[in-house]
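K.L.:
Once you've had a glance at the structure underneath, I'll fire off some questions.
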Amino acid sequence: MQKLSMEQLLETLNKAIELNLRQDFIDLLVNELDRKRFLIN
């Protein structure tokens, strides 16, 4: 297994965090839309 440099490690971590935040944001949006649809019906 190759050793990762500190820079590579941080870059990977940042990407993971970014993807995670995006996923949370999408989940929030979906929940909002579901609630609005529920209110309309």
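K.L.:
Exactly one of these conditions fails for Asn20: (1) surrounded by 10 or more Cβ atoms within 10 Å (Cβ to Cβ); (2) of a type outside the set (Val, Ile, Thr); (3) modelled with pLDDT under 95. Give me its number.
P.N.:
Result: Asn20 passes all but (3).
K.L.:
Would you confirm, using the coordinates I've provided, whether Leu9 is more than 18 Å from the chain's Cα centre (by Cα) and either not hydrophobic (A, V, I, L, M, F, W, C) or not in a helix (DSSP H, G or I) (or both)? Lay out the reasoning, then the answer.
P.N.:
Working: more than 18 Å from the chain's Cα centre (by Cα): yes; either not hydrophobic (A, V, I, L, M, F, W, C) or not in a helix (DSSP H, G or I) (or both): no.
So Leu9 fails the test.
The values are calculated or read from the model by the stated rules, or taken from the named source; none is laboratory data. Just so it is clear, the model here is predicted, and its values are computed rather than measured. Note that we place each Cβ from the backbone using ideal geometry, even for glycine, and neighbour counts take in every protein chain shown.
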